[in-house]
Amino acid sequence: MSSVLPYKEQSSGKKEQVADMFNNISKKYDFLNHFLSLGIDILWRKKAIKMLKPYQPKVILDIATGTADFAIESLKLNPDQVIGVDISEGMLAVGREKLKERKLDDKIELRLGDSEKLLFDDNKFDAVIVSFGVRNFENLEKGLSDMYRVLKPGGRAVILEFSRPSRFPFRNIYNFYFKAILPKIGRMVSKDGSAYTYLPESVQAFPDGDNFLKIFNKVGFKNTKCKPLTLGVSSIYIGEK
């Protein structure tokens, strides 16, 4: 899966390329995200966080936090501490600005870090959350294992990720938009030709649905579930340690 790269002509690994890509598009990322998903990504995040409500997590880790949207949404759970980690300093800079503007910088701490080598002790977090980040892992199994490691026993992981709609004719309309239209708009606005070609390619290559649950279970998660959203454009995965 790590064979899908943003900058195919470069010799660096996926991790470095993903960091470079997000640094390049960080200033336009939020606008494009909401614009290209018609704002539905905001509703998806709300739904994913709601799934954690019954467990009342007090210490939350947001992996691949980007510009901190998911971390901000998680404040609705009234946690004591939220830490966001991301590989891209460009994205974190935009996130820090956003937190400052909203006076949330005392509630959420953003750190530069590798999602597959988390610099946290075992059994530290009540919940680990990720939105649209696991698709970019160089090694999915390794990233999920590390997520499992830092969760407390009884803790929950909630992962929001793009998936592939399977119903005709929606699947065909979606594929056309995703492969023909989205990369053109993304290129125009972000000025990065590769980033929005990488997006549909990485979604195509990602093991979604039951295939993802198999890997989720393999690394140790129990009571795993997949909840498809918006006719399968994205899915929420939840698992327990």
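The values are calculated or read from the model by the stated rules, or taken from the named source; none is laboratory data. From a predicted model like this one, the values you see are computed outputs, not experimental measurements. A quick note on method: Cβ atoms are made from the backbone with ideal geometry, for glycine too, and the neighbour counts reach across all protein chains shown. Accessible surface areas use protein heavy atoms only, side chains included; no ligands, DNA or RNA. Shrake-Rupley method; radii C 1.70, N 1.55, O 1.52, S 1.80 Å.
Tabulated results
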| item | result |
| --- | --- |
| Test: residue in the range 165-181 that is more than 17 Å from MET51 (Cβ to Cβ), buried (at least 18 other Cβ atoms within 10 Å of the Cβ) and touching a Gly at 6+ places or on another chain (Cβ under 8 Å) | yes |
| Set SER194, SER190, SER202: member being touching a residue at least 40 places away in the same chain (Cβ under 8 Å) and out of contact with any Lys or Arg (no Cβ under 6 Å at 6 or more places or on another chain) | SER194 |
| When residues of the range 201-212 are limited to those that are open to solvent by 10 Å² or more (accessible area, probe 1.4 Å) and not aliphatic (A, V, I, L, M), the one farthest from ILE159 (Cα to Cα) | GLU201 |
| Per-region count, the range 87-118, residues crowded, with 20+ Cβ neighbours inside 10 Å, touching a residue at least 60 places away in the same chain (Cβ under 8 Å) and within 15 Å of the chain's Cα centre (by Cα) | 3 |
| Residue within the range 153-164 that is open to solvent by 10 Å² or more (accessible area, probe 1.4 Å), part of a loop (DSSP other than H, G, I, E, B) and touching a helix residue (DSSP H, G or I) at 6+ places or on another chain (Cβ under 9 Å) present | yes |
| Selected residue [in contact with a Lys or Arg (Cβ under 6 Å, 6 or more places away or on another chain) and of a type outside the set (S, T, N, Q)] from GLU101, GLU9, GLU89, GLU73 | GLU73 |
| Sole exception among (1) open to solvent by less than 20 Å² (accessible area, probe 1.4 Å); (2) not in a helix (DSSP H, G or I) for TYR198, by number | (2) |
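Yes/no matrix, rows are residues, columns are (1) at pLDDT below 95; (2) surrounded by fewer than 23 Cβ atoms within 10 Å (Cβ to Cβ):
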site: GLN10; (1), (2): yes, yes
site: VAL18; (1), (2): yes, no
site: ALA48; (1), (2): no, no
site: ALA64; (1), (2): no, no
